Amino acid sequence: MKIDKIREMSSQELDKELSELKTELFKLKFSLATNGLENPSKIKDVKRDIARINTVITERKIAEDKK
């Protein structure tokens, strides 16, 4: 997911997307541990998306505190 798309999302959408990505990451890790994955790099991509969303959430909190 691109950072521009993430920045366009509302805070509620970000929270929803974050919870979905965390669930997906759990499922990917579980699948990797039990029977392996066809594409293990998917875990890395999901982790990056989570980090991007957390970054945007933090940026918004900092901007609100400055106001």
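Every read-out reported here was derived from the displayed coordinates using simple, explicitly stated rules and does not represent laboratory data. Note that this is a predicted model, so its numbers are computed, not measured. Glycine also receives a Cβ, built like all others from the backbone with ideal geometry; neighbour counts cover every protein chain displayed.
Entry note, the chain: the mean residue ellipticity at 222 nm calculated from DSSP H runs of n ≥ 4, each adding -39500 (n - 2.57), is -28500 deg cm²/dmol after division by the residues and rounding to the nearest 500. Within a straight-line Cα-Cα reach of under 20 Å, residue 42 can be paired with the following aspartates and glutamates, leaving aside sequence neighbours fewer than 8 residues apart in one chain: 17, 20, 24. Just so you know, the Rg over Rh for the chain is 1.09, from Cα atoms, with Rh as the Kirkwood radius. Taking the 0 to 90 degree range and rounding to the nearest ten, how far is the long axis of helix 41-66 tilted relative to the main principal axis of the chain, both from C-alpha atoms? The angle comes out at about 10 degrees.
The stretch between residue 54 and residue 33 holds 5.0 nm of extra length on full extension. This uses 0.36 nm per residue minus the Cα-Cα distance.
For the chain, the longest principal axis of the C-alpha atoms and the axis of helix 11-34 are separated by about 20°.
Based on Cα contacts under 8 Å between residues 6+ apart, the chain shows a relative contact order of 43 percent.
So, R0 is 25 Å and r is the distance between the beta-carbons of residue 65 and residue 13; what FRET efficiency does that work out to, to 0.05?
With R0 = 25 Å, the Cβ-Cβ based efficiency is 0.70.
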